Ligand SMILES: [Zn+2]
């Protein structure tokens, strides 16, 4: 065979979890990243290549980078600030602290630490919802982690501060500018149906439609939210309100814990995605999402960590494990939500939610090389007879050895090459003093 241009990286001796249509596994396989950062070849055995960098996986699992489909990256600043309390009490404690502490530099610092934590843990793409999204995009550019974000809206004026009308005109300018080389049309993030009124929600649907942006919204997370929404919106559920205000179509719904049969039918018929965030749901005692019913209805289900203030970490391996264990226990059936489904939820289903499944989410020729090489010498991953099962029940963040985004090595031997670990940690530590002071004053 002839190779026109120089290959970038070849990964050999890998147990490749492709997450392709058939969830194929390639034993003792090779994967070659071409000069343009795409996967040029993937096959069993050896592949002819001219890459200067060769990674010998030594039998370890190689799989797509994880996709965290719901998070608030900048909230590393508030990690552990409101634990052992309800979501409503937590938000009441958090929101004044956000207004006092957040500015561009603070959101940048919080997001940078989150990107460091994410990349070291095998997350290569995140759907973010937070204030000052330009700060997150700056981190995306420097760290190379893919961050999808956009203007968010809730009743608070936020740290900018911007009243709803001003935020709307800022959002129009923001969405008009091209942001993303990956082809995203952008995001509009109404926080929820309990923190916005009917007219505001309709206005945001018009905004998204004008710019062909997608909707990222919290929905049906807690019993408290269901009551607030019913009171505010004439007895309707959050999903009904989203449908009535034209926000549901192809939206990304964070949580979806408390859903009626009618809500599930609406979600399915509107091709929306539910992002299951089991760690956050368990910690806040929010409830158990009807994942199996959503699956039966044909809904795309992705996984998220939620923000590090409610999560409390950005660990998608834990989300994979909890999601499976929770559904098995509730269904009293260990065969439900098998490992293959869980791996798809953390990878290709996330890519589908973000409408990026044509470029990421699986390891296939022509897709961008966003991938993880796990540790061949990890005692807890040995042996790995069926790698989906290994991923769903054994892998932890400590097992992530190398991470590639867009064909570039961003983590090598557990060290992040694109973010200075010391500096990222010390910046957030310093801001922690301000966070504590702002809470103590309330
Ligand atoms: Zn959230």
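The values are calculated or read from the model by the stated rules, or taken from the named source; none is laboratory data. A quick note: this is a predicted structure, and the numbers were derived from the prediction, not measured. All Cβ positions, even for glycine, are placed from backbone atoms using ideal geometry, and neighbour counts span all protein chains on display.
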Only one of 315, 293 that is surrounded by fewer than 24 Cβ atoms within 10 Å (Cβ to Cβ) and touching a residue at least 60 places away in the same chain (Cβ under 8 Å): 315
Checking the structure you have, find out if any residue of the range 272-287 is more than 23 Å from residue 75 (Cβ to Cβ) and surrounded by fewer than 24 Cβ atoms within 10 Å (Cβ to Cβ). no
Filtering the range 58-78 down to residues that are in a loop (DSSP other than H, G, I, E, B) and more than 14 Å from the ligand (Cβ to nearest atom), which residue is surrounded by the fewest Cβ atoms within 10 Å (Cβ to Cβ)? 58
Hey, does the range 279-289 have a residue that's in contact with a helix residue (DSSP H, G or I) (Cβ under 6 Å, 6 or more places away or on another chain) and within 16 Å of the ligand (Cβ to nearest atom)? yes
Could you check, for the range 331-352, whether at least one of its residues is within 16 Å of the ligand (Cβ to nearest atom) and either farther than 30 Å from residue 32 by Cα or under 20 Å from the mean Cα position of the chain (by Cα) (or both)? yes
Could you run through the range 30-57 and say how many residues are surrounded by 14 or more Cβ atoms within 10 Å (Cβ to Cβ) and under 28 Å from the mean Cα position of the chain (by Cα)? 14
If the requirement is being touching a residue at least 12 places away in the same chain (Cβ under 8 Å), in contact with a helix residue (DSSP H, G or I) (Cβ under 8 Å, 6 or more places away or on another chain) and buried (at least 21 other Cβ atoms within 10 Å of the Cβ), which of these qualifies: 326, 345? 345
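Table: residues versus (1) in contact with a helix residue (DSSP H, G or I) (Cβ under 9 Å, 6 or more places away or on another chain); (2) at positive phi; (3) outside the structural domain of residue 320 (by TED's automatic domain parsing).
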site: 48; (1), (2), (3): no, no, yes
site: 52; (1), (2), (3): no, no, yes
site: 59; (1), (2), (3): no, yes, yes
site: 100; (1), (2), (3): yes, no, no
site: 108; (1), (2), (3): yes, no, no
site: 113; (1), (2), (3): yes, no, no
site: 128; (1), (2), (3): yes, no, no
site: 133; (1), (2), (3): yes, no, no
Conditions first: (1) within 16 Å of the ligand (Cβ to nearest atom); (2) outside any loop (DSSP other than H, G, I, E, B). Residue 202 passes all but one, so which condition is the exception? (1)
